[in-house]
Every structure is written in C-alpha cells, then in structure tokens.
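*Asks:* Structure in structure tokens, see below.
The values are calculated or read from the model by the stated rules, or taken from the named source; none is laboratory data. Owing to the predicted nature of the structure, the values given are computational and were not obtained by experimental measurement. Note that each Cβ is placed from the backbone with ideal geometry, even for glycine, and that neighbours are counted across all protein chains shown. Only protein heavy atoms, including side chains, enter the accessible area calculation; ligands, DNA and RNA are left aside. Shrake-Rupley method; radii C 1.70, N 1.55, O 1.52, S 1.80 Å.
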Amino acid sequence: MSPADPTGRDPSPMDPEGGRIMLLTSAFVAFALMLVAVVASASAVHLDRKALYDVADLAASDAASAMSPGSFYAGAGAPADGAPLTLSDADVRAAVEQYLAEHPPAPPVAVTEASSPDGHSARVVLAAVSRPPLLRWFSDAFGGGIAVSASSTARAW
C-alpha cells in the first residue's frame with residue numbers, strides 16, 4: 001500500500017472512476033441553476049399577480065364613486081338600503097377606463113369586466129400577461145406568457 005493512496009489501489013491513468021465526479025458536479029450545478037430559474041420566475045409571476053390585484057383594487061375603489069353628475073343632481077332613486085350613490089355599469093366602466101388611462105400599469109392590462117351588480121358596488125376584473133424574466137424564451141415558445149387575472153369589488157357608501 002502506497003502512502004499516496006489510502007485505499008490500497010494503484011492510481012493508474014486507465015482508472016475507470018476518473019472524471020465521473022466532474023460529470024456529477026456539472027449535473028448538480030445545472031439542476032441547481034434550473035431550480036433557481038424556476039423559483040425566480042414563479043416569484044416574478046406572483047409579484048405581477050399581486051400588482052394586478054393592487055391595480056384592480058384601486059380601479060374598483062375609484063369606480064365605486066363613479067356616479068354620473070347628471071344622475072346625482074337629478075336625484076336618481078337611491079337603492080332600498082339607503083346608499084347615497086347609485087351606480088350604473090356604464091359609469092363604472094367609464095371610471096375604470098379613465099383610471100387606467102391616468103395611471104397606466106406596468107404590464108398592459110385588459111378590462112375583462114367592469115360592472116355594478118347591485119347598483120351600489122363596483123366590480124372590476126382585470127387580466128394581464130406575465131412574462132417571467134428568466135424563462136421568457138420558454139413562455140414565448142408556448143403562447144407568449146402566463147395569463148393572470150384579478151378581481152375586486154368596492155362598495156359606494
């Protein structure tokens with residue numbers, strides 16, 4: 001047994017085990033990098049969805065006070081529970097479109113629904129496409145991104 005090799009084997013240039021640790025290390029590094037890319041991209045999609053929820057909340061809040069001046073000054077009938085504002089679908093949609101024009105969000109947003117289901121609350125549903133930064137090549141190959149949507153309802157008091 002030589003002092004250089006504690007296993008008792010003679011290290012020879014034809015060692016069948018030579019070089020496999022480099023292959024194993026390369027595979028683990030590649031796997032770790034892919035895992036980091038997937039986690040970072042999932043986080044980016046989650047943050048885009050949270051930002052879309054914020055925009056939907058703000059648009060619904062703005063649309064909740066979107067009673068047209070004509071119906072306000074004409075004294076259009078208040079709902080049965082005594083809410084001071086009466087909203088229409090057209091007023092809510094116009095308020096949402098105006099809000100989005102004045103405050104354009106970072107990812108392009110489409111208004112899926114902007115309505116007033118009961119006359120004194122505004123319901124807003126927005127849709128957008130999230131494009132994760134590290135996997136953009138993958139998402140572009142399969143449809144151009146990941147669709148996210150957010151809905152919010154605000155009540156006029």
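*Asks:* Given a Förster distance of 22 angstrom, what is the FRET efficiency for S43 paired with F138, based on the Cβ-Cβ distance and rounded to 0.05?
*Replies:* 0.90
*Asks:* Follow-up question, since we're still on this one. Treat each spin label as a single point 7 Å out from the Cα along the C-beta direction, and report the L33 to S88 distance in nm.
*Replies:* 6.0 nm
*Asks:* In addition: Quote the accessible area belonging to Y99 in square angstrom, nearest 10, computed with a 1.4 Å probe and with ligands, DNA and RNA left uncounted.
*Replies:* Surface open to solvent at Y99 totals about 30 Å².
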